[in-house]
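Reading through the structure tokens given below for one structure.
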Amino acid sequence: MSLATVDLRKAFGGVVALDGATVTFREGRINALIGPNGSGKTTYFNCVTGMIRADSGTVTYGGTDITRKAPHAIARAGVGRTFQLCRVFPRMTALDNVLAAVRPGGVSGGLRGARHRAEVDRARGWLTRLGIEHLIDIEARNMSWGQQKLLELAGVLMGEPATVLLDEPAGGVNPALLDRIGTLVRDLNAEGRTFVIVEHNMDLVMSISDHIVVFDRGRPIAEGPPSLIRTDERVLGAYLGS
Ligand code: ADP
């Protein structure tokens, strides 16, 4: 399902973070959202996922208005998200982290028996898919930054989101892991998942995106495929601060 906003606005005191953002991230694509620091990308993610409330404007997912829905309801509707500063439980193992992502009541609460085993299998499956199954019993705090980001993503994927929002997946990640993230996103997209990726690493953005939206000062100033965005004068101007 496509994720779309119409005239989304958000100010923090006198600071206008979103200034009428009208954007459609189409289903099935790897979409990127780029722009200079402070251009409103994180605020956009926060409004779309219900973490902060926009002052005005609408957010729709698959045509349904989700503007005023709570974060858990938006997640349940199929929009998953990772965070720039990576949210994992440092003192929990990889397995428990991934299980906790889909069990608000906590790892030990809730499921028993066959259903519990089925979920553990599914969690193990995602850890394997992301190449961190060897860390299954390791506490998150003992993993590298990149491994923690993969762990966070495993938790998001446990919720089986049709659309995945990634906030700076490449930030602070070593080059080997970066390749893996790129391949993974492409594979997950080929299986039908839609992506919206906020990312500063232009090599990654240009190599994996189908469609790029460029923000400047809280609104889109250009959009299109990488081949067009790479040479767009407005984009170059925004990045050079002119
Ligand atoms: P980006 O993700 O593109 O770097 P942000 O969405 O983080 O941009 O920020 C957009 C603008 O809103 C910036 O000027 C930032 O300082 C401001 N801003 C973001 N969040 C807050 C907040 N909670 N309180 C005050 N100002 C904020």
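Where strands (runs of 3 or more DSSP E) fall entirely within the stretch 1-97, those with at least 3 residues that are aliphatic (A, V, I, L, M) and surrounded by 16 or more Cβ atoms within 10 Å (Cβ to Cβ) are at 3-12, 15-25, 30-34.
Of the residues making up the stretch 177-201, those that are surrounded by fewer than 15 Cβ atoms within 10 Å (Cβ to Cβ) and aliphatic (A, V, I, L, M) number 1. Of all residues being in contact (Cβ under 8 Å) with a residue 40 or more places away in the chain and within 11 Å of the chain's Cα centre (by Cα) in the stretch 35-47, which is nearest to the ligand (Cβ to nearest atom)? Just the residue, please. So the residue we want is THR42. As a summary of the residue check, ARG103 satisfies the conditions (1) surrounded by 15 or more Cβ atoms within 10 Å (Cβ to Cβ); (2) more than 16 Å from the ligand (Cβ to nearest atom); (3) more than 30 Å from ARG141 (Cβ to Cβ) except for the one numbered (3). Out of the stretch 52-97, which residues are within 16 Å of the ligand (Cβ to nearest atom), touching a residue at least 12 places away in the same chain (Cβ under 8 Å) and under 13 Å from the mean Cα position of the chain (by Cα)? Correct list: ARG81, THR82, PHE83, GLN84, CYS86.
Say whether the condition of being modelled with pLDDT of 95 or more, away from the ligand (no atom under 16 Å from the Cβ), touching a strand residue (DSSP E or B) at 6+ places or on another chain (Cβ under 6 Å) and not charged (D, E, K, R) is met by at least one residue in the stretch 193-201. Checking the stretch 193-201: at least one residue is modelled with pLDDT of 95 or more, away from the ligand (no atom under 16 Å from the Cβ), touching a strand residue (DSSP E or B) at 6+ places or on another chain (Cβ under 6 Å) and not charged (D, E, K, R).
Evaluated against (1) of a type in the set (A, V, I, L, M, F, W, C); (2) touching a helix residue (DSSP H, G or I) at 6+ places or on another chain (Cβ under 8 Å); (3) surrounded by fewer than 20 Cβ atoms within 10 Å (Cβ to Cβ); (4) at pLDDT 95 or above, MET206 falls short on exactly one condition, (4). Scanning the stretch 141-176 for residues that are in a helix (DSSP H, G or I), among the hydrophobic types (A, V, I, L, M, F, W, C) and surrounded by fewer than 21 Cβ atoms within 10 Å (Cβ to Cβ) yields TRP145, ALA176.
Remark: pairs (first residue in the stretch 15-26, at positive phi; second residue at pLDDT 95 or above and not hydrophobic (A, V, I, L, M, F, W, C); Cβ separation under 7 Å; 6+ apart in sequence or on different chains) = GLY20/ASP7; GLY20/ARG9; GLY20/ARG219. The residues of the stretch 178-210 that are of a type in the set (A, V, I, L, M, F, W, C) and either part of a helix (DSSP H, G or I) or farther than 16 Å from SER2 by Cα (or both), listed by number, are LEU178, ILE181, LEU184, VAL185, LEU188, ALA190, VAL198, MET202, LEU204, VAL205, MET206, ILE208.
The values are calculated or read from the model by the stated rules, or taken from the named source; none is laboratory data. This one's a predicted model, so the numbers in the text were calculated from it and none came from an experiment. Note that each Cβ is placed from the backbone with ideal geometry, even for glycine, and that neighbours are counted across all protein chains shown.
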